[in-house]
Structures are given as structure tokens and as C-alpha cells.
Amino acid sequence: MATISYGELAPGYEFPVTTHEMSSSFISSYVKAVESPDDKYAPPLAIAACAMNAMTGAVSFPPGIIHASQEFEFFRLVPIGTTIICHARVIRKLARSTMHMLELELSVFNKNGERIQSGKATLILPVQRANAQ
Amino acid sequence: MLSEICVDKTLSPVVKHITQEKINSYAEASGDFNPIHVDEAFATQTPLGGTIAHGMLILAYASEMMTQSFGRNWNSTGKFSIRFKVPARPGDTITTTGKIDSVEDKESTPSVNCSIECHNQKGETIIMGGATVKLSPQKRMSNA
């Protein structure tokens with residue numbers, strides 16, 4: 001599914017928009033994995049995980065990339081069964097002496113165009129792996 | 001849910017034990033199969049020296065603590081800003097703690113600012129940051 005390499009990513013790049021259904025089977029496996037109680041609404045971090053995947057599925061990230069920081073804001077409850085639409089774009093890409101850093105902006109909407117969630121993620125990567133891409 | 005909202009009130013902690021099986025289970029659920037999380041042979045060759053838990057898995061524990069304290073207000077108005085400091089590894093016991101730092105009254109809607117932290121059994125900080133949640137206007141604040 002990857003359509004772009006890490007080396008090609010540049011500030012302003014918009015990842016392909018993806019849609020995901022917050023199906024009961026997905027939510028069930030998610031809440032089991034994070035050991036949290038069931039609810040009739042999707043956990044906000046389950047939605048966030050999908051938004052992150054909107055990006056990671058589209059890019060051949062070098063193996064070993066890790067999370068440095070994360071911001072999220074939640075705007076509404078999301079009933080199970082809702083289809084979410086995820087947008088992501090590159091805000092910054094920095095190359096430092098020992099690591100590369102990538103800042104991404106995430107936005108999630110429902111089918112009515114209402115904002116569900118927004119966020120920013122900073123990912124870091126050891127420089128030798130970034131350069132290999 | 002918290003019975004009262006006041007500055008310095010601590011949130012009920014959430015304690016979870018990390019295993020490779022749980023990390024694999026999160027990878028399956030989230031679709032994040034980055035080898036740093038699931039491939040021991042790969043991970044041992046990196047500076048991290050072994051597999052680590054997904055940051056989003058640990059953050060889910062922090063979110064659970066917030067939901068436990070603030071109910072659905074958290075799921076519909078919550079805001080997180082956190083830094084991942086040290087990776088969580090298989091075998092770690094992660095304790096997520098939080099405290100109310102301030103309560104603001106914005107347009108008649110109480111807004112609660114909390115500091116949150118996840119640490120392992122050695123006392124190392126895994127996640128550190130802040131969270132804000134808006135409460136229903138009718139929610140009474142003990143310090144109001």
C-alpha cells in the first residue's frame with residue numbers, strides 16, 4: 001500500500017485520505033489489546049490509532065521509527081459503526097546529527113464533515129536508517 | 001468518576017503490566033507492525049536493544065485514566081499534549097498517575113487542567129505531559 005518513501009516526504013505533503021469504519025470487531029479487538037472497558041462509543045485513542053495508520057500505511061517508513069511526542073484534541077463522541085475520514089500532512093522534517101525528526105498533523109472527520117479529532121505527532125528516526133531510505 | 005473536582009486532587013491511577021504478547025496484540029488491533037515493537041531480532045540490533053511497546057498503547061492507558069475520572073466528557077472534549085521520554089518494554093509494570101493542576105471557568109464551562117505521567121517499576125518516566133477536559137456546565141466544582 002505504501003505510495004511514497006520517507007526520503008520523498010517534504011513539509012506540506014498531504015497523505016492520501018483514508019476512511020475506516022469503527023466496526024464493533026475493530027473496537028472489540030482494540031479494547032481487548034489495551035485492556036480497557038467496553039463502551040458504545042469508540043475510544044478516542046482507537047480513532048487516533050486509525051489516524052496514525054492513515055499515514056504509516058501510505059509511506060514506506062524506515063524500520064525503527066519511534067514516537068517522540070503527541071498532541072490530540074477530541075471534539076465529539078463517536079458511536080461504534082461510524083465511518084471516519086482521516087487526513088494527515090507533513091508539517092516539518094528536520095535532519096539533525098544523530099536523528100531525523102518528522103512532525104505530522106492529523107485531522108479526523110465523520111461523514112457529515114464534522115471534526116472528530118485533531119492532533120500532531122512527532123516521530124524520530126536514527127539518522128543512518130533515515131539516510132538509507 | 002471523580003466525586004469532586006478540585007486543585008491538587010489526584011486521579012485514580014491505572015496500572016498495567018506489559019508483555020510481548022500484549023504488544024503483539026496491540027500491533028494486530030492497530031495495524032502498526034513496526035519491527036521495533038514486534039521483531040525481537042531486529043530490535044536487538046537497534047540502539048534500543050530490544051522490542052518496545054507502542055507509544056500509543058501507553059497513551060491509551062493514560063486515556064483510560066482520564067475516562068475513569070471524567071467519563072465521556074474526556075472522550076468528547078479531551079485534549080492531550082505529551083512527550084514520550086523512555087520506552088516501555090516487555091516485563092515493565094506501567095503506572096499512570098494524574099493530578100488536577102487548575103480549574104478554569106471558560107464561558108460557564110469548567111475546564112480542568114491535569115498533569116499526567118506514566119512511569120515504570122524503576123520509577124523512570126515513560127510519558128509526561130498535560131491533559132485538559134471540559135466538564136458539563138452543571139458539574140459542580142468544589143472550589144467554585
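The values are calculated or read from the model by the stated rules, or taken from the named source; none is laboratory data. Because the structure is a prediction, the values reported are computed rather than measured. Don't worry about glycine lacking a Cβ; one is built from the backbone with ideal geometry, like all the others, and counts go over all protein chains shown. With ligands, DNA and RNA removed, areas are computed over all heavy atoms of the protein, side chains included. Shrake-Rupley method; radii C 1.70, N 1.55, O 1.52, S 1.80 Å.
Restricting the first member to region B:39-56 and to residues that are farther than 18 Å from A:MET99 by Cβ, and the second to residues that are among the hydrophobic types (A, V, I, L, M, F, W, C) and open to solvent by 10 Å² or more (accessible area, probe 1.4 Å), the beta-carbon pairs closer than 8 Å and six or more apart or on different chains are B:THR51/B:VAL38; B:MET56/A:MET52.
Is it true that some residue in region A:73-80 is open to solvent by 10 Å² or more (accessible area, probe 1.4 Å), more than 28 Å from B:GLU40 (Cβ to Cβ) and away from chain B (no Cβ under 12 Å)? Write out each step before concluding.
In the first step, residues of region A:73-80 are kept if they are open to solvent by 10 Å² or more (accessible area, probe 1.4 Å); the result is A:73, A:75-77, A:79-80.
Imposing the further condition that a residue be more than 28 Å from B:GLU40 (Cβ to Cβ) reduces the set to A:73, A:75-77, A:79-80.
Pick out the ones that are also away from chain B (no Cβ under 12 Å) and you get A:80.
Yes, region A:73-80 has at least one match.
For region B:54-71, the set of residues classified as surrounded by fewer than 24 Cβ atoms within 10 Å (Cβ to Cβ) and more than 13 Å from B:GLY98 (Cα to Cα) consists of B:MET56, B:GLY71, listed by residue number.
In region B:21-34, the residue that is farthest from A:GLU35 (Cα to Cα) out of those that are facing chain A (nearest Cβ under 8 Å) and either in contact (Cβ under 8 Å) with a residue 12 or more places away in the chain or crowded, with 17+ Cβ neighbours inside 10 Å (or both) is B:ASN34. Figure legend. Inter-residue proximity from region B:121-144: first residues within 24 Å of A:PHE74 (Cβ to Cβ) and modelled with pLDDT under 55, second residues part of a strand (DSSP E or B) and open to solvent by less than 40 Å² (accessible area, probe 1.4 Å), beta-carbon distance below 7 Å, spacing 6+ or different chains. Indicated pairs: B:LYS139/B:PRO110; B:MET141/B:VAL103; B:MET141/B:PRO110.
Here A:SER36 does not qualify as open to solvent by 50 Å² or more (accessible area, probe 1.4 Å) and either at the interface with another protein chain (Cβ under 8 Å from one of its Cβ atoms) or not acidic (Asp, Glu) (or both).
One residue stands out among those in region B:72-93 that are surrounded by 17 or more Cβ atoms within 10 Å (Cβ to Cβ) and under 22 Å from B:ASP8 (Cα atoms): the one that is farthest from the other protein chains (Cβ to nearest Cβ), which is B:ASN73. Comparison of A:LEU106, A:LEU123, A:LEU102, A:LEU94 shows that the only residue that is free of Cβ contacts under 8 Å to residues at least 24 places away in the same chain and among the aliphatic types (A, V, I, L, M) is A:LEU94.
Mind checking whether some residue in region B:40-48 is assigned to a loop (DSSP other than H, G, I, E, B) and touching a strand residue (DSSP E or B) at 6+ places or on another chain (Cβ under 6 Å)? Checked against the condition, which is being assigned to a loop (DSSP other than H, G, I, E, B) and touching a strand residue (DSSP E or B) at 6+ places or on another chain (Cβ under 6 Å), region B:40-48 yields no hits at all.
Contact annotation: residue pairs with Cβ atoms under 6 Å, 6 or more positions apart or on different chains, pairing a residue in region B:7-19 that is away from every other protein chain (no Cβ under 14 Å) and polar (S, T, N, Q) with a partner that is surrounded by 12 or more Cβ atoms within 10 Å (Cβ to Cβ) and assigned to a strand (DSSP E or B), are B:THR10/B:LYS99.
Among A:ALA42, A:ALA58, A:ALA49, which is of a type outside the set (Phe, Trp, Tyr) and in contact with an Asp or Glu (Cβ under 8 Å, 6 or more places away or on another chain)?
On the way: A:ALA42 fails: in contact with an Asp or Glu (Cβ under 8 Å, 6 or more places away or on another chain); A:ALA58 fails: in contact with an Asp or Glu (Cβ under 8 Å, 6 or more places away or on another chain).
None of the others qualify; the one that does is A:ALA49.
Does at least one position in region B:5-19 carry a residue that is in contact with a helix residue (DSSP H, G or I) (Cβ under 8 Å, 6 or more places away or on another chain) and modelled with pLDDT under 95? Scanning region B:5-19, I find no residue that is in contact with a helix residue (DSSP H, G or I) (Cβ under 8 Å, 6 or more places away or on another chain) and modelled with pLDDT under 95, so the answer is no. Mind counting the residues in region A:39-72 that are more than 10 Å from chain B (Cβ to nearest Cβ) and without any contact (Cβ under 8 Å) to a residue 12 or more places away in the chain? Going through region A:39-72 one residue at a time, the tally reaches 0. Criterion first (at negative phi, part of a strand (DSSP E or B) and of a type outside the set (S, T, N, Q)) does A:ALA54 satisfy it? Judged against the criteria, A:ALA54 is not a match.
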